[in-house]
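Q: The structure's right below; bear with me while I get my questions together.
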Amino acid sequence: MGGGIVGCSIAYHLTKLGWRDVALLERKKLTCGTTWHAAGLVGQLRATLNLTKLAVYTTDLYSGLEAETGQATGFKQNGSLGVAASAERFEELKRSASMARMAGLEVQVISPAEARELYPLLNIEDLVGAVFLPNDGQTNPIDTTMALAKGARTGGAKIFEDTKVTAIHTGTGPSGPRVTGVSTDKGDIKADYVVNCAGMWAREVGLLCGVRVPLHACEHYYILTDPMPDVPAKLPVLRDPDGCAYYKEDAGKILLGAFEGNARAWGMDGIPEDFSFDELPGDMDHFMPVLEGAMHRVPALESVGLRKFFCGPESFTPDVRYYLGEAPEVRNFFVAAGFNSIGIQSAGGAGKVISEWIVNGHPPMDVADVDIRRVIPFQNSKRYLQERAPESLGLLYAMHWPYRQAETGRGVRTSPLHERLAAKGACFGEAAGWERANWFAPEGVEPKYQYSYKRQNWFTHAAAEHKAVREAVGLFDMTSFAKFLVEGADAEAVLQRVCANDMAVPPGKVVYTQWLNERGGIEADLTVTRLAEDSYMVVTAGAAAPRDWSWLNRHIPEGASCRVTDITSGLAVLSVMGPNSRDLLSRVSDADLSNEAFPFGTAQEIELGYATLRAVRVTFVGELGWELYVPGEFACHVFDAIMAEGGDFGLKLAGLHVLDSCRIEKAFRHWGHDITDEDTPLEAGLGFAVRLDKNADFIGRDALLRQKEAGKLTKRLVQFALDDPEPLLYHNEPVYRDGEAVGYLTSGNYGHHLGRAIGLGYVNNEEGVTADWVKAGSYEIEVACERFSAQASLRPMYDPKAERVKV
Ligand SMILES: Cc1cc2nc3c(=O)[nH]c(=O)nc-3n(C[C@H](O)[C@H](O)[C@H](O)COP(=O)(O)OP(=O)(O)OC[C@H]3O[C@@H](n4cnc5c(N)ncnc54)[C@H](O)[C@@H]3O)c2cc1C
C-alpha cells in the first residue's frame, strides 16, 4: 500500500527474491505523496552501523539501477561535505567518521581550506573542520522511483494507480489476528502479506486494522535559486548542520533546504483527501533565519534571485527513526514508513529488509533501532505526535549530544515516586515515555543537563552516586521495568520453549535468561521469577516491552493454557543496591535477609513498614542488593521508610546513568546494544544462562548446538578499559587489535570505580576468538579519529568472581 519510493522499492525487492504475486496499490499516482518533491540527497552516514550499512546498500543499488532498468535515475556520486562551525560539532563529525569507516565507508576528515577546494562557494572563516564522503550522492526521486517501479513490473509485480485501500481485513490465526487482504475503491484483494508504505498516511492506514504507526507530518522547506554562473557541475552536497541547512547543486542552480529548530507540524486535522503532488503555502518569514545563515555560509546566494520557494510535508517519528518490520498487533502486516526526510536514501535498504523479512521470516540483520516493535501505544496519540514531530525535524541537524533528552511530550509516564525524586534533585530523562531519574543534583545545583562530548555537568554527581553504590548503598527507582504475569497450567511448558535457561525451577527462584530465535540470536534478555506452580513474573526493560510481549504471546501454542497479563502499571520497583543494602533493609523489615535464608537468585514476599511486597535478590550493578516490587499505592510509604533510615548506612539516591556505568564495569550486557538478534549467547559470553541439557527443547537450541560443534567462535564480546583516564566512550567507537580493525564498541561509559572509560564490544577473527587470542593482542580504541590504548578482558574487570554479589 503506497506508491512512493518505499513501496516501489519493496515491490522491486520482492520480485528480485522471486515473488511474482505482488500488487502495489497507490491511491493516486506514483510519487504523488512526499517522494515527488524530495531534494534527492543520498547520504550514507547514519547514527548506527547497521543503518549506515543499509544506506550504503541504497547507494550501491541506485548506482546500478539505470543500467539495469533502462530508466534514467539522475543518480550521481558527487560526494558530500559536512562542515563544522564549532569544536564540539567537529568532534561529532569525527566520531561519526570513525564509525562510518567500520561500515566500509570512505570518509576524509579535512581542514576548512580543503573543504573550500571541494566547494569553492564556501565561506570558511568560522569553520573548524569538515568531513568529506566521496561516494555520497544525489538522485532524482521521481525517476529513481519510476526505475524501481519498472524493475518491479519486469519482475512480475502489478502496479495499480488510482486505487485506494479503504479497509484491511484480518482473520484469527494461532497467535492473534493475521492479515488476510484489503478492500480498495476498485474491489477486494486477498493477500498473505500486506505492507503499509503509506508515508504520512501510514498512521491512519495502520489504524484500519488496529496497528499503531506513530508519525506526523511537518512542513519541510527549501528554495531553488536562479541559475548561478559560478556553480561547478560536480559540486558535492553540502551539509552545514550549525546553519540548519543543506545545499544541492541542481542544473546550475542551488537548492537550499532547512532542518530548523522551530519546525511546524502540518495536517493537524488529517491530510486532505485530494492531496496529490501538492505544495503547502509555507511562510517565508519562517525560512528567513536559515536563508540569512546560508548567505553567510555561501555568500554567492546574496546576489542571486529565487526561482522557487517550496514547502512540502514529510512525516516524522517521535525518535527520528523510521519504522520497519512486522507489526506486533497483526501477523503478516508489515510497516515501512516514517522516514524523517531520509526516505530517498533509505528506500533501498528498507526494500531489502522488508522483502527478506517477508520471504525468510526474519530480517537480514539487527534492525532493532528502527523496528516497529519499539512503539509504545501512547505514542500514537495525536497530541503527543503534534508536539514531538516538529522537535524530531529540528533534531536532524541539532547537536547529537550524548544523553540528549527530548524537550517535548514529556511527563507522560511517571512513577509514584516522581514528586519525591524531583524534590531530591532528580534530573529526569525519558525512555519509552517513562520519566526516569538519570542523575541527582545536590542541593544548590540545578538539575539540568549541560551537554558536551566531554565530561558533562553531572559527571561529579554521578561519581558520588557510583561510589555510594559500590561502597555503601544506592536506591534506584526502576519502576519503568515492564512486568508480565504468565499464568496457566502450561505456563512452564511455554516458558521452557521460549527461554534458553531452565524454567522448571521451584517457586521463589529467579532465572536470568535469553529468548532466542531459530538462529540462536538473542531476541530478549530478562529475568523470570517463578511465583507458583502455574505462575511466573517476567521482568524486562520498559523500552523492550512491546517486542517481548509480542514475542511471548506469539509463541503460545493454540489451545495452550497460558495467559500473559501486563502488570507494569500496578508495581513500582525500588532497587536497593550496595554492600550496606542488607543492613539498611533489615532496619526497616523483619524479614531474614541473610545469605542462607534469602540467597542470590531467589524471591520472597516480605513485610516492609506497613507494606507487603516481593523482594527479588538480583543485581544489575554487581553488588549485594534487592529489587523491591511494591504495589503502586505503597511505593511512597516504602520509599519514605527506607529513606528515613538510609542516613546511617550511607544511602544515596542513584540514577540511570550510574546504573549504566556500574553494569558496564561489571560487564553486564544490555539488550539492543551489546546483545541483539544477530548475536548468540555463546558469542555474548552468556553461555552460563543457557541450559542445553534441560529437560525440554527450546527455540534456538539446535543453532547453539551447531555453533558449539563448529568448535570456534568467530566473534566474542569483550570488555575494554582505556589506559588514558581522560577520553570518554559512548558507543560505536572502533576497536583495533595489533593495529587492525576487529570490531567496535556496543556500549560505553565512564567507570568511576575503575577510574577510566570502559566499554563492551565484539571482536571478530575468522580463525576464532579464543581467550588466548584476546590476551595476546594489544588494543586501541578510536575516539573521534584518534586512537587510545586499551586493556581487553573476557572476564568482568570489576569483581570477576562475583564475590560482592553472593555474600
Ligand atoms: C522538501 C522535502 C525534501 C526532501 N529531501 C529528501 C532528500 O534529499 N533525501 C531523502 O532521502 N529524503 C528526502 N525527503 C524525504 C522523502 O521525500 C520521503 O522520506 C520519502 O519520499 C518517503 O517515501 P514514502 O514512499 O514513504 O512516502 P510517499 O512518497 O508519501 O508515498 C506514500 C504513498 O502512499 C499513498 N497512499 C496513502 N494512503 C493510501 C491508501 N489508503 N491506499 C493506497 N495508497 C495510499 C500516497 O498517495 C503516497 O503516494 C524530503 C522530503 C521533503 C518534504
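The values are calculated or read from the model by the stated rules, or taken from the named source; none is laboratory data. Not measured: the values here are computed from a predicted model. Here the Cβ is made from the backbone with ideal geometry for all residues, glycine too, and neighbour counts use every protein chain on show. For the accessible areas, the whole protein counts, side chains as well, though only heavy atoms, and no ligand, DNA or RNA atoms are used. Shrake-Rupley method; radii C 1.70, N 1.55, O 1.52, S 1.80 Å.
Q: Can you compute the radius of gyration and Dmax for the chain, using only the Cα atoms, both in Å?
A: When restricted to the Cα atoms of the chain, Rg and Dmax are 27.0, 85 Å.
Q: Counting DSSP beta bridges with both partners in the chain, what percentage is antiparallel, nearest 5? Walk me through the numbers on the way to the answer.
A: Values: 131 of 147 bridges.
DSSP beta bridges in the chain are roughly 90 percent antiparallel.
Q: Could I ask something else about it? Taking a ≥ b ≥ c as the square roots of the Cα gyration tensor eigenvalues, with a/c under 1.5 meaning rounded and otherwise prolate when a/b beats b/c, else oblate, which class fits the range 629-731? Before the final figure, lay out each step's value.
A: Numbers: a/c = 3.35, a/b = 1.58, b/c = 2.12.
Judged from the Cα gyration tensor, the range 629-731 comes out oblate (a/c at least 1.5, b/c at or above a/b).
Q: Another question, then. Label points 7 Å out from Cα along the Cβ direction at residue 269 and residue 726: separation in nm?
A: Once both label points are built, they end up 6.0 nm from each other.
Q: Could you look at the range 353-411 and say what percent of its accessible area is carbon and sulfur, using a 1.4 Å probe and all protein chains? Don't skip to the end; give the middle numbers.
A: Values: 1030 of 2080 Å².
The computed percentage sits at 50.
Q: Give the lysines reachable from residue 94 as a straight Cα distance under 26 Å; neighbours fewer than 8 places away on the same chain don't count.
A: 53, 76, 234, 248, 454
Q: May I ask you to derive the FRET efficiency for residue 123 and residue 306 from their Cβ-Cβ distance with R0 = 25 Å, giving the value to the nearest 0.05?
A: 0.80
Q: Now for a different question. Ratio of Rg to Rh for the range 290-438, alpha carbon only, Kirkwood?
A: Details: Rg = 19.6 Å, Rh = 18.4 Å.
In the range 290-438, Rg relative to Rh is 1.07.
Q: Could you please state how large a percent of the accessible area of the range 165-309 is carbon and sulfur, counting protein chains only and using a 1.4 Å probe? Don't skip to the end; give the middle numbers.
A: On the way: 3320 of 6300 Å².
Whole-percent figure for carbon plus sulfur exposure: 53.
Q: Could I ask something else about it? Could you pull out every one of the lysines with an alpha carbon less than 29 Å from that of residue 775, ignoring same-chain neighbours closer than 8 positions?
A: Within the straight-line limit of under 29 Å, residue 775 reaches these lysines: 666, 708, 712, 715, 801, 806.
Q: Something else: With the cut-off at 1.5 for a/c, could you classify the range 218-374 from its C-alpha gyration tensor as rounded, prolate or oblate? The partial results should precede the final answer.
A: Values: a/c = 2.53, a/b = 1.86, b/c = 1.36.
Prolate, because a/c is 1.5 or more and a/b exceeds b/c.
Q: Hey, could you pull the Cα Rg and Dmax for the range 233-308, both in Å?
A: For the range 233-308, the Cα-based Rg and Dmax read 14.6, 43 Å.
Q: For the range 379-482, would you read off the P(r) tail past 18 Å as a percentage of all alpha carbon pairs? Mind showing how you got there, number by number?
A: On the way: 3014 of 5356 pairs.
Summing the P(r) of the range 379-482 above 18 Å gives 56 percent of all pairs.
Q: Compute the separation of the alpha-carbon centres of the range 212-227 and the range 430-454 and state it in Å as a whole number.
A: After rounding, the separation between the Cα centres reads 32 Å.
Q: Sticking with this one: For a protection proxy built on the mean count of beta-carbon atoms within 10 angstrom, sort 613-624, 12-23 highest first, please.
A: Numbers: 613-624: 22.5, 12-23: 18.2.
Most protected by this proxy first, the peptides run 613-624, 12-23.
Q: Along the principal axes of its C-alpha atoms, what lengths does the range 156-263 span, in descending order and rounded to whole Å?
A: Principal extents (Cα only, largest first): 63, 35, 23 Å.
Q: Here's a follow-up. Can you tell me the 0 to 90 degree angle between the C-alpha axis of helix 459-471 and the longest principal axis of the chain, rounded to 10?
A: That works out to roughly 30 degrees.
Q: Between 0 and 90 degrees, rounded to the nearest ten: what's the tilt of helix 382-395 against the longest Cα principal axis of the chain?
A: It is inclined by approximately 70 degrees.
Q: Would you mind estimating how fast the range 499-621 diffuses translationally, via Stokes-Einstein at 4 °C and 1.567 mPa s with the Kirkwood radius over Cα pairs, in µm²/s? Please list the in-between numbers first.
A: Numbers: Rh = 16.2 Å.
Rounded to a whole number, D works out at 80 µm²/s.
Q: Which loop-located GluC sites (Glu not before Pro) does the range 514-559 contain, where loop means any DSSP state but H, G, I, E or B and the Cβ has at most 11 other Cβ atoms within 10 Å?
A: Working: sites: 518, 523, 533, 558; in loops: 518, 533, 558.
Counting only loop positions with at most 11 other Cβ atoms within 10 Å, the GluC sites (Glu not before Pro) in the range 514-559 are 533, 558.
Q: Additional query: Net charge within 10 Å of residue 524 by Cβ-Cβ distance, Lys/Arg positive one each and Asp/Glu negative one each, not counting residue 524 itself?
A: Values: positive: 547; negative: 523, 525, 548, 677.
Value of the local net charge: -3.
Q: Between 0 and 90 degrees, rounded to the nearest ten: what's the tilt of helix 284-297 against the longest Cα principal axis of the chain?
A: The two axes meet at around 90 degrees.
Q: Next up: Could you tell me the distance between the Cα centroids of the range 309-331 and the range 595-621, to the nearest Å?
A: So the separation of the two Cα centres works out to 43 Å.
Q: Additional query: In whole percent, how big is the carbon plus sulfur part of the accessible area of the range 690-802, probe 1.4 Å, protein atoms only? Mind dumping the intermediate values first?
A: Numbers: 2240 of 5150 Å².
Whole-percent figure for carbon plus sulfur exposure: 43.
Q: To continue, here is another question. With every protein chain present, what is the per residue accessible area of the range 298-419 (1.4 Å probe, Å²)? Write down the numbers at each step before the final one.
A: Details: 3860 Å² over 122 residues.
Result: 32 Å² of accessible area for each residue.
Q: Test of understanding: what is the full-extension gain from residue 509 to residue 277, defined as 0.36 nm times their sequence separation minus their Cα-Cα distance? Don't skip to the answer; put the middle values down first.
A: On the way: separation 232, 0.36 × 232 = 83.52 nm, distance 6.09 nm.
Separation in residues times 0.36 nm, less the Cα-Cα distance, equals 77.4 nm.
Q: What number in nm² do you get for the range 457-530 if you take the convex hull of its Cα atoms and divide its surface by four?
A: Values: hull surface 31.0 nm².
If I average the Cα hull's projected area over directions, I get 7.8 nm².
Q: Please report Rg (one decimal) and Dmax (integer) in Å for the Cα set of the range 688-794.
A: My reading of the Cα-based Rg and Dmax gives 16.1, 51 Å.
Q: Could I ask something else about it? For the range 41-96, state what percent of all Cα-Cα pairs lands in each successive 10 Å bin, counting from 0 Å until the bin that includes the largest distance.
A: Pairs per bin, as whole percents: 21, 40, 27, 11, 2.
Q: Follow-up. Using only DSSP helix segments of four residues or longer, with each worth -39500 (n - 2.57), what per-residue ellipticity at 222 nm results for the chain after dividing by its residue count and rounding to 500?
A: On the way: 18 runs with 205 residues, N = 807.
After summing the helix terms and dividing by residue count, I get -8000 deg cm²/dmol.
Q: Please sort by residue number the GluC sites (Glu not before Pro) in the range 117-175 whose DSSP state is loop and whose Cβ has at most 15 other Cβ atoms within 10 Å. Before the final figure, lay out each step's value.
A: On the way: sites: 117, 125, 161; in loops: 125, 161.
Loop-located and lightly packed - 125, 161.
Q: Length gain on complete extension for the stretch residue 633 to residue 595, per 0.36 nm per residue less the alpha carbon to alpha carbon distance?
A: Values: separation 38, 0.36 × 38 = 13.68 nm, distance 2.95 nm.
Gain in length upon complete extension: 10.7 nm.
Q: Alpha carbon centre of the range 95-133 versus the range 546-577: separation in Å?
A: So the two Cα centres are separated by 48 Å.
Q: Roll a 1.4 Å probe over the protein chains and send me the accessible area per residue for the range 590-651 in Å².
A: Numbers: 2480 Å² over 62 residues.
Value for the range 590-651: 40 Å² per residue.
Q: Kirkwood hydrodynamic radius, the range 80-171, all distinct C-alpha pairs: what's the number in Å?
A: It is 16.9 Å.
Q: When only DSSP loop residues count, what trypsin sites (Lys or Arg not before Pro) in the range 638-717 have their Cβ near at most 14 other Cβ atoms within 10 Å?
A: On the way: sites: 652, 663, 666, 669, 691, 694, 701, 706, 708, 712, 715, 716; in loops: 666, 669, 691, 694, 712.
Within the range 638-717, the qualifying trypsin sites (Lys or Arg not before Pro) (loop, at most 14 other Cβ atoms within 10 Å) are 712.
Q: Taking a quarter of the surface of the convex hull around the Cα atoms of the range 25-123, what do you get in nm²? List each step's numbers first, then the result.
A: Numbers: hull surface 35.4 nm².
Approximately 8.9 nm², given one-decimal rounding.
Q: Straight distance only, please: which aspartates and glutamates reach the Cα of residue 16 with their own Cα at less than 14 Å, same-chain residues fewer than 8 apart left out?
A: Result set, ordered by chain and number: 68, 356.
Q: Moving to a separate point now. For a quick check: with amide H placed at 1.01 Å from N, whose amide H comes under 5 Å from residue 511's, ignoring anything fewer than 5 positions away on the same chain?
A: 528, 529, 530
Q: Given Cα positions, please report Rg to Rh for the range 1-45, the hydrodynamic radius being the Kirkwood one. Please list the in-between numbers first.
A: Values: Rg = 12.2 Å, Rh = 11.7 Å.
In the range 1-45, Rg relative to Rh is 1.05.
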